[in-house]
1. Check whether at least one residue in the range 57-72 is in a helix (DSSP H, G or I), under 16 Å from residue 20 (Cβ atoms) and within 15 Å of the ligand (Cβ to nearest atom), and report yes or no.
2. Out of 231, 149, 160, 175, which single residue is in a loop (DSSP other than H, G, I, E, B) and either of a type in the set (Phe, Trp, Tyr) or surrounded by 17 or more Cβ atoms within 10 Å (Cβ to Cβ) (or both)?
3. Taking the conditions exactly as written (outside any loop (DSSP other than H, G, I, E, B) and of a type in the set (Ser, Thr, Tyr)), does residue 435 satisfy them or not?
4. For the range 409-422, which positions are surrounded by fewer than 16 Cβ atoms within 10 Å (Cβ to Cβ) and not β-branched (Val, Ile, Thr)?
5. Just checking, which of 119, 163 is under 30 Å from residue 298 (Cβ atoms) and aliphatic (A, V, I, L, M)?
6. Tell me which residues, restricted to the range 205-242, are outside the structural domain of residue 305 (by TED's automatic domain parsing) and more than 16 Å from the ligand (Cβ to nearest atom).
7. Within the range 154-173, take every residue that is touching a Leu at 6+ places or on another chain (Cβ under 6 Å) and not acidic (Asp, Glu) and give me the one that is farthest from the ligand (Cβ to nearest atom).
8. Looking only at the range 125-146, how many residues end up being basic (Lys, Arg) and either buried (at least 19 other Cβ atoms within 10 Å of the Cβ) or on the phi > 0 side of the Ramachandran plot (or both)?
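The values are calculated or read from the model by the stated rules, or taken from the named source; none is laboratory data. In this text, all values refer to a predicted model and were calculated from it rather than measured experimentally. Note that we place each Cβ from the backbone using ideal geometry, even for glycine, and neighbour counts take in every protein chain shown.
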Amino acid sequence: MRVSVIGTGYVGLVSGVCLAEIGHQVICVDVDHAKVDMINRGRPPIYEKGLAPLLEKNIGKRLSATTDLATAVKQSELSLIAVGTPFDGDQIDLSFVRQVAHQIGETLRSKAEYHVVVVKSTVVPGTTDQVVTPILEAASGKRAGDDFGVGMNPEFLREGEAVADFMSPDRIVLGALDPRSLHVMAALYEPFDKVDVVRTNSKTAEMIKYTANSLLATMISFSNEIANLCGATGGVDVKDVMQGVHLDKRLSPIMSDGRRITPSFTTYIEAGCGFGGSCFPKDVKALIAYGKQLREPMRLLDAVIQVNRDQPAKIIALLERHLSDLKGRRIAVLGLAFKPETDDMRESPAIAVINALRDRKASISAFDPIAQKEAQKIFSNCTIDYTTSVQEAVSGADAVVILTRWKAFDQLPAILTEMGNSPLVVDGRRMLDKTRLASYAGIGL
Ligand code: NAD
């Protein structure tokens, strides 16, 4: 199928590259000339494991990139809208989606062939039918359902595992206006014929995505609230508590041969310094705002956000409990990205922690295997000593703070032993064995 993908961020680029890999002819569109140039040179503008080789393999063959949306839409049968949908402080900001819908609509005015427009961006229920479709109809002068198709296909990929998730999806959700749109959307995913598909209307597809993200965010904040209580209780380690909880066979089922399955679901009930990223915070806030609009207050989700907002402060409280005044103290921050295997720093807990350290006039060294370039953009007017290794970051530090669960940080106890150094280690991800460190503090301990 000939496909245009509008927006070449984490979702758009990964989708475009993977759709080309499974045999479709794909044109990626972005307003950002620099991104388009990089893609056409076979270089991904973002870091995502496995993306570079697939891009290099397909570019110039089944894949191309352009800033010319109209031509891309004319040359394709289906367009995926994959632009950002940030939270504007009050509600979801649909301005990018509206703008793209308008441009596609204008193009459809002079396009004779049937075309299907699919919203892939995460949007609140009703957006595809009540915002996107009317804009498409007004700009094209045509009728949705008769002259062109409309659908909603939420994306579930996880940053850091985005290529693997796209190539081996756990589910495909297709919401459509009418059977013809649905038929075209299903053809896009035909190679994934063993995957469970939910066929529904667009509103339900939109709600599925928010519900999935809200459930995971709720589990994280629930665990963090329990962790904070464990910390205040004394003599209780949340790690032991959560292990006792995980072992419930409804969470970690025991097979007939006695083996226990530990679903990755259980990683969402590990305590830490909070969730970040471009999805959970903004999606939960957008759903809360949507609930308010419908006079259905989302009390539980309100609390999920509050617990998460306060969690980075727990790291600072642990530092101050052990070091009292942080002024002039050298603090090594290990991990800047909101999670491992990505360079994405959007809403990363590291931002709040570093800002609090700056306010207290601490001296900061930092190491992240791939997010340092992003961090330099965010902290452009702040002196952070960016280092090239864990060793360099922790050298001379009064305290080390772990904020991202990077595999490389497993080596910290061995590195400190080798250096003959024993700074306070504040484990914001509870990833280390506390018995291997002379001075250890962690969330929920
Ligand atoms: P992003 O910010 O990384 O990328 C958006 C891209 O759209 C940018 O490259 C931007 O230049 C481009 N763009 C903006 N306006 C445009 C226009 N008028 N025409 C063409 N391009 C335009 O966003 P993202 O992280 O890929 O997220 C996109 C959507 O997917 C959001 O709704 C997000 O909630 C959802 N989503 C994201 C993830 C994730 O892990 N990042 C996962 C699932 C769903």
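1. yes
2. Exactly one of 231, 149, 160, 175 is in a loop (DSSP other than H, G, I, E, B) and either of a type in the set (Phe, Trp, Tyr) or surrounded by 17 or more Cβ atoms within 10 Å (Cβ to Cβ) (or both), namely 160.
3. yes
4. 410, 411, 414, 418, 419, 420, 421, 422 - these are the residues of the range 409-422 that are surrounded by fewer than 16 Cβ atoms within 10 Å (Cβ to Cβ) and not β-branched (Val, Ile, Thr).
5. Result: 119 is the single residue among 119, 163 that is under 30 Å from residue 298 (Cβ atoms) and aliphatic (A, V, I, L, M).
6. Result: no residue meets the conditions.
7. So, considering only residues that are touching a Leu at 6+ places or on another chain (Cβ under 6 Å) and not acidic (Asp, Glu), the one farthest from the ligand (Cβ to nearest atom) is 163.
8. 0
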